[in-house]
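The next block holds one structure in the form of structure tokens; read it before the comments.
The values are calculated or read from the model by the stated rules, or taken from the named source; none is laboratory data. Quantities reported herein were computed from a predicted structural model and do not represent experimental measurements. Here the Cβ positions follow ideal geometry from the backbone for every residue, glycine too, while neighbour counts run over all protein chains shown. Heads up: the accessible areas ignore ligands, DNA and RNA and are worked out on the full protein's heavy atoms, side chains in. Shrake-Rupley method; radii C 1.70, N 1.55, O 1.52, S 1.80 Å.
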Amino acid sequence: MPKDAESAGREITVTPQPTGFGAEITGVDLSRPLEPMVLAEIKAAWARHGVVVFPDQPLTLEQLEAFTLQFGPFGHDPYVKPMEGHPNVLEVRREPDEKVTPFGGNWHSDWSFQAQPPAATILRSEIIPPVGGDTLYCDAASAYEALPDATKAKLAALRAIHSASKAYGPDSAYSRELHLRAMPIIVSPEADKTYVHPLVRTHPVTGRKALFISPVYTVGIEGMAPNAADPLLAELYKHLVQDQFIYRHRWRPGMVVIWDNRCTMHNALGGYDGHRRVMHRTTVAGEAPI
Ligand code: OGA
Ligand code: MN
């Protein structure tokens, strides 16, 4: 085997976080098509660690699109206008004079109100403020596993109701703040539609179960009155966001992060008023949760 080909597959290094949730990958160039073995290793790390960080990968938008397509077809992004000439790339942008909550600034799993929510989201950092702007990730599989057996039994048959209404509906927070944001958010009555998914979903690759709910997109539990569902959901959210289930990601420019929406939630933190933050974002289509 030529030396280059031999070493190409060997340089890749996966360094998990101490908890096993989140990992960093170095020794690979994401701007070029990936060798099948390398792609397989990245996919395995993504499934195993939930959030995978690639430092120093200043991809162009075309390279970000090509990297994304190696994981599957693009997902459908309904409530943010895509970038000109790049129908599958969103720009996540906050300007120095913005005072509103950052885009994604509360716990959620991307587009969980869809029939087939995206399996992955990929974010590439362009401009990172000198302070703040971290992203928190929560390990919803480990959180599920840590629940008492009685709680797991109680949750097994439940189905959660998801909707984009709180974020993108005509009465949503974003709808009142459109003029205060740089991002082209689309508010629509479509957002008030609801979709039901199992409250505990099983990961199609790892077989691990995870809580599949979030304070942004879960609006209730099927067949349960709000005065019973709301306290149960609140208790589960409190359980999910405990320190031992969190990976806090600190960005530098030119990083690529891919996360698994099927077993994680995330939350974009602020703390950088007066500074600009710009990211580019794609999603990979997923399957109906089971
Ligand atoms: C997103 C999102 C987090 C961030 O793009 O879906 O939630 O830190 N972004 O920008
Ligand atoms: Mn998000």
Seen from all sides and averaged, what is the projected area of the convex hull of the Cα atoms in the stretch 154-257, in nm²?
9.5 nm²
How far apart, in nm, are the 7 Å Cα→Cβ label points at Glu35 and Lys99?
5.5 nm
Kirkwood Rh over alpha-carbon pairs of the stretch 53-129, then Stokes-Einstein at 20 °C and 1.002 mPa s: what D in µm² s⁻¹, rounded to an integer?
150 µm²/s
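For the chain, what is the accessible area per residue in Å², given a 1.4 Å probe and the full set of protein chains?
That works out to 45 Å² for each residue.
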Taking a ≥ b ≥ c as the square roots of the eigenvalues of the Cα gyration tensor of the stretch 16-146, is the shape rounded (a/c under 1.5), prolate (a/b larger than b/c) or oblate?
rounded
Spatial separation of Cα centroids for the stretch 119-171 and the stretch 221-290, in angstrom:
3 Å
Taking N as the number of residues in the stretch 67-111, what is its Cα Rg relative to 2.2 N^0.38 Å?
1.39
Per 0.36 nm of contour for each residue apart, how much would the distance between Glu11 and Ile290 grow if the chain were fully extended, relative to their Cα-Cα spacing?
96.8 nm
Return the long-range amide H neighbours of Ile186 (sequence gap of 5 or more, or a different chain), with a cut-off of under 5 Å between placed amide H atoms.
Val80, Lys81
Along the charge dipole of the chain, pointing to its positive end and built from +1/-1 on Cβ of Lys, Arg, Asp and Glu, which listed residue (Ala234, Trp111, Leu59) has its Cα farthest out?
Ala234
Rg (Å, one decimal) plus Dmax (Å, integer) for the alpha carbons of the stretch 135-186?
17.3, 48
For the stretch 268-275, 3J(HN,Hα) per residue [Karplus equation, 6.51 cos²θ - 1.76 cosθ + 1.60, θ = phi - 60°, Hz, x = Gly/Pro]:
7, 7, x, x, 9, 3, x, 10
Note down the nm distance, to one decimal, between modelled labels 7 Å out along Cα→Cβ at Glu62 and at Met224.
5.0 nm
How large is the helix-only mean residue ellipticity at 222 nm for the chain, computed as the sum of -39500 (n - 2.57) over DSSP H runs with n ≥ 4, divided by its residue count, in deg cm²/dmol to the nearest 500?
-6500 deg cm²/dmol
Calculate what fraction, in whole %, of the accessible area of the chain sits on carbon and sulfur atoms when a 1.4 Å probe is rolled over the protein chains.
54 percent
The stretch 5-284: mean projected area of Cα convex hull, nm²:
14.8 nm²
Among Pro215, His76, Ile12, which residue has its Cα furthest toward the positive end of the charge dipole of the chain, with +1 on Lys/Arg Cβ and -1 on Asp/Glu Cβ?
Pro215
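Given Cα positions, please report Rg to Rh for the stretch 196-290, the hydrodynamic radius being the Kirkwood one.
Ratio of gyration radius to Kirkwood radius: 1.00.
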In sequence order, calculated HN-Hα J values of the stretch 24-38 (Karplus, 6.51, -1.76, 1.60; Hz; x Gly/Pro)
10, 10, 10, x, 9, 10, 6, 7, 10, x, 8, 4, x, 5, 5
Pairwise label distance in nanometres, Arg248 with Lys193, each label 7 Å out on the Cα-Cβ vector:
3.9 nm
